[in-house]
Structure formats: C-alpha cells, structure tokens
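The values are calculated or read from the model by the stated rules, or taken from the named source; none is laboratory data. Just so it is clear, the structure is predicted and the values come from calculations on it, not from any experiment. So basically every Cβ, Gly included, is an ideal-geometry build from the backbone, and we count neighbours across all protein chains shown.
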Amino acid sequence: MAKPVFKAYSQQQAFLLPPNLEELIAANHPVRVVNDIVNTIDLRLLVDEYKGGGTSSYHPSMLLKVMVYSYLVNIYSSRKMEAAIRENIHLMWLSGMQKPDHHTLNRFRSERLKGVLKQIFVQVVQLLAAQGLVSLKEIYVDGTKTEANANKYTFVWGNAIKSSKEKIKKQLDELWQYALQVAAEERDLPEPPDFDKIDAEKVKETVAQIKTILKDQQQVSKQVKQKLNYAEKNWPAALDKYVVQEQTLVGRNSYSKTDTDATFMRMKEDHMKNGQLKPAYNLQISSNNQYIVDYSIHQTTADTATLQAHLDGHKQNYGAYPQVVVADAGYGSEQNYQYMETNHIEGYVKYNYFDKDRNRKFLNKHPFSSDKLYYNKEKDCYYCPMGQPMQNMDTSTQTTATGFKQTLTKYRAVNCEGCPLRGVCHKSKGNRVIEVNHSLIEYKRKAVERLTSEKGIYYRKRRPADVEPVFGNIKHNHGFRRFMLRGKEKVSIEAGLLALAHNLRKKAA
Ligand code: SF4
C-alpha cells in the first residue's frame, strides 16, 4: 500500500519580506468599497467633534470604516467589534492594525457620530446618485417596528396614570363628602374644592381642610383617619410622579422605564404568538432601486403619523421634496394626501379600503354603504337607495390624534318609516343619518385615478419589490432584530449605520 503524501506544514515558517495585509484583501471585496467611500466623503464635521489638545485619539476615518464594515458583516456589539478587530483580517486592514477597545468604539458610535452621521449618510447617497445607482426623485416609503434595548416588564402606561388620578379624585371627593356629613351642624364650612384638575398641592390643601373640619368631631371613624393619613403621605408624591411620567409620554400611551424613548408596540415578528407588546421604535425608510435613500426613527406605532416628518427630512437632506412617493395603505390619510398635494408631490398611496373597493364580492355585500349613494353637489344633498334626498343637517370639525382638523358633514333621510329597504339599508331607530368627509372623498378619488393609471400600476407592482426586501435583508438575512443602544438619538445613529452598511453591501454585490 502506498504511503500518504502531505503538503509541507510549518507554523514557524518565516516570511522573506514583511507581509502586507493589503495583498491579502481580494480586489473586489466589500471591505474595499467601505474603505474607498469613507476616503471619498468629506469628514470635516466629524473631525470637528474632537477638541484640540490632550492625548492623541484614534483617527475618526478609521473608526468610521471599522464601524460601517462591522455593521456590514453583522457585528453590532462593540465588544464583538473589539474582538473582531484582533481576528478579522479585513478589520485589521481597515484599522491599520490599531486596536481600539469596546469603550472607544462605543463612545465613537454613541457620542462622536451624534448629529453627524446623517450628513455622512447623505453624502454617500449623493455619491450613489451621481453614479446613477439611485434616484432621489422617486421613492418608496415603508416602516418596520424594531425592538428597543429595553425591559418589556418595566412599563408606564398613560391609561394607568389617568385611572389612578381618577381614583384619587374620587376618594378625595368621598372623604370631603364624609367630612361635610359629619360636620353638618357646623357653620362656616369651606367651599368644596374643584376636583376637575388635581395635583399634589390640591391634595395637600384638601386633606388639611378635611382634617380641620373633623378635628373636634367625636364620631370620626378609624378607617377615615387612616385613609386621611395615607392620602397625606402618599398621594402628593404619586401625583408629582405622574406629572413627570406624563411629560415623558408626550402624546404616547406608554414607555419603558429602561429606555423612556421606546414605546410599546405590537410587533409583526411575534414568535410566541401571544400578541405581547414590546418596547420598540418605528423605523421608516425610503428606498429607490433597493438602496436606502433616507431613514428616520419615530415613537408612534401608526405609519400614517410618520410620513410628513420623514419627507420633511428628505427635503432637509437633499434640498427638495421627492417628485414621486409610493407607499402602502398605512399612509393613506387625509392629512398625508393634503400634505403631498401642497408640496407638489405625486403620491401613489392607497387608502384603507382601496383594494376592497375594487373587490366585486365585497361591493355586493355592502350595496347601501354611504360611499355608493349619489351626491348632488349643487344642492348639497345625497339621495338614498329609495331616491329620497338626504339633507345637510350639521357640519362639525374634529381633531385627529396628530392634531389635524377634519370637517365632517351629516346628512339625514327625510322619512324611513315604512320603507321596504329598512333593515338592509340601515339599522338605526330613526331616519338614516350618514356622516361624510368631502375633502377625504375628493383625495380618495384622485388617489384612485392615479393608482389605476398605467404609471400607478407600475409603481404598485414595484413597491413590494423595492422597499420591502430592504427590511427582509436587514432583519432576516443579517439578523438585526433589536437595537443595541438606548434613546431615540442613539437609536437613530444605529439606524444610520444599518442604512449605510446596507447601501455599501448592495453596491459591492
Ligand atoms: S331606509 Fe330610509 S334611507 Fe334607506 S332607502 Fe329607505 S328611506 Fe332611504
């Protein structure tokens, strides 16, 4: 039998010339794209973040390359970056064999990049646009809720604060009524306090007044005395705490105590399938040709409320609004339609019932819905299915959760008594009343016209193939499911690094 032959193997083999890492990096490797792009862009703003004097710092250009490349290869933790810089030949090359530790890397990410990263990202997108890889005029917008680095069991709920305040109000009122009842014989009893608005001062004042009223009374129960002492000791502090918590909520209904900027949201990726809400951020992106053109972080669950701020950001970054915006039905609101029209943006945005309105089965199921009734604009009246005119009876204004004012008009049928269609037409007791928003109806009409045009059909087909794969790629292919940093500003930096890494990965592909 022939003896096996092995290649010569020696770990002590010396190099004839000192090795050059550059030679070991493949010419078309993505690390070269990161290196070239960071070398191309203007980093003056980032350099300005460093104060003069003191000990020397690692070069921001090197740290930025390391940071972006780490995100590109799915390394998101600063400790793992520190380890990789010592092991990964590409990071060794980028860092020039320097070895910043995780403190330095983390400080760079969360402090130095604050307020600077967006400008860096914008430069990169402009470079891509100059190379014809991406267009800033035509964008596809979508959002994804991404888990925050926060404890899901330490929460504050706006509704819980409201009900605790109501409970205090009610108990205080009961104590006050009790005191009046016990001291009914007394003259010169103080005026009852106004419990509409309650705060620590009012509680202290009211408890003191109740104690004064009951001071010389014989038959005051022990429980009432205990309750008054409890109220005096605990309620003012609780109300002071609620004030601080309400200031933190600012328009939200919840936050996590370990990251007060994170809001509890229902996640799409619900692996336990128990519908549990988790502290998260709403990451909005706009894409073109599957590149990320812009990103923004929001604390609200509804995508509708994010569009304006997101597009204002686009204008701020690139000097003009995009000409075309394509988004799904989650963005189709009167406020957004009006905003796009005012800013001359050609919006291809569905509204909630767009698809159902084109579904014959659904239409046949609801033949008498208000949007099927004929409206006579000159006479300002609708005609019900039996041909009766429905007269304008009232116009009111309502404010949405985002502060937008809507005008709603009510129309009422003259007489539904004895109508053969009653029961299928409507189920209310009196004559049928419908409430319509004329402005929204007009915006929807324009949206349908646009979305069903040749261009509209193209954009509707293109949207799920442009923006949605970006999230799929980041979350599923590259395993980014939870932010590492805390606070909206720092989370925004992470979103920027993810976006930069995504764009450079795509450019290198
Ligand atoms: S029920 Fe009233 S609103 Fe409906 S068709 Fe009859 S008359 Fe008209």
| message | Please return the ranges of strands (runs of 3 or more DSSP E) entirely within the stretch 322-397 where 1 or more residues are touching a Leu at 6+ places or on another chain (Cβ under 7 Å) and aromatic (Phe, Trp, Tyr). | response | 346-349, 381-383
| task | Tell me which residues, restricted to the stretch 463-505, are in a helix (DSSP H, G or I), more than 25 Å from residue 331 (Cα to Cα) and among the charged types (D, E, K, R). | result | 490, 505
| request: Please indicate, with yes or no, whether at least one residue in the stretch 435-454 is within 16 Å of the ligand (Cβ to nearest atom) and at negative phi. | output: yes
| note | Output for Cβ contacts, cut-off 9 Å, separation at least six or different chains, first residue farther than 12 Å from residue 391 by Cβ and outside any loop (DSSP other than H, G, I, E, B) in the stretch 408-431, second among the charged types (D, E, K, R) and more than 6 Å from the ligand (Cβ to nearest atom), reads 408/394; 408/435
| Does residue 409 qualify as being modelled with pLDDT of 95 or more, of a type in the set (Val, Ile, Thr) and touching a helix residue (DSSP H, G or I) at 6+ places or on another chain (Cβ under 7 Å)? | yes
| task | Please work out if residue 447 is of a type outside the set (D, E, K, R) and touching a helix residue (DSSP H, G or I) at 6+ places or on another chain (Cβ under 9 Å). | result | yes
| request: Tell me, please, whether a residue that is over 24 Å from residue 502 (Cα atoms) and in contact with a Ser or Thr (Cβ under 7 Å, 6 or more places away or on another chain) can be found in the stretch 42-62. | output: yes
| request: Keeping to the stretch 281-314, report how many residues are in contact (Cβ under 8 Å) with a residue 12 or more places away in the chain and not in a strand (DSSP E or B). | output: 17
| said: When the residues of the stretch 137-189 are narrowed to those that are among the small types (Gly, Ala, Ser) and surrounded by fewer than 18 Cβ atoms within 10 Å (Cβ to Cβ), which ends up nearest to residue 483 (Cα to Cα)? | reply: 158
| field | Selection within the stretch 195-237 - surrounded by 18 or more Cβ atoms within 10 Å (Cβ to Cβ) and hydrophobic (A, V, I, L, M, F, W, C) | value | 198, 203, 207, 210, 213, 214, 220, 228, 231, 235
| remark: Being surrounded by 10 or more Cβ atoms within 10 Å (Cβ to Cβ) and of a type outside the set (D, E, K, R) narrows 39, 28 down to just 39
| query | Which ones in the stretch 390-406 are more than 40 Å from the chain's Cα centre (by Cα) and exposed (fewer than 15 other Cβ atoms within 10 Å of the Cβ)? | reply | 391
| Which is more than 28 Å from residue 341 (Cα to Cα), within 16 Å of the ligand (Cβ to nearest atom), assigned by TED's automatic domain parsing to the domain that holds residue 335 and not β-branched (Val, Ile, Thr), of 475, 488, 427? | 427
| field | Subset of the stretch 334-372 (residues that are buried (at least 18 other Cβ atoms within 10 Å of the Cβ) and either within 16 Å of the ligand (Cβ to nearest atom) or of a type in the set (Val, Ile, Thr) (or both)) | value | 345, 349, 370
| query | Is at least one residue of the stretch 200-212 in contact (Cβ under 8 Å) with a residue 40 or more places away in the chain and in the same structural domain as residue 175 (by TED's automatic domain parsing)? | reply | yes
| task | Look through the stretch 377-388, keep the residues that are more than 12 Å from the ligand (Cβ to nearest atom) and surrounded by fewer than 11 Cβ atoms within 10 Å (Cβ to Cβ), and return whichever of them is farthest from residue 314 (Cα to Cα). | result | 378
| Counting only residues that are of a type outside the set (A, V, I, L, M) and within 8 Å of the ligand (Cβ to nearest atom), which one in the stretch 407-422 is surrounded by the fewest Cβ atoms within 10 Å (Cβ to Cβ)? | 420
| request: Assess whether residue 392 counts as being assigned by TED's automatic domain parsing to the domain that holds residue 290 and more than 14 Å from the ligand (Cβ to nearest atom). | output: yes
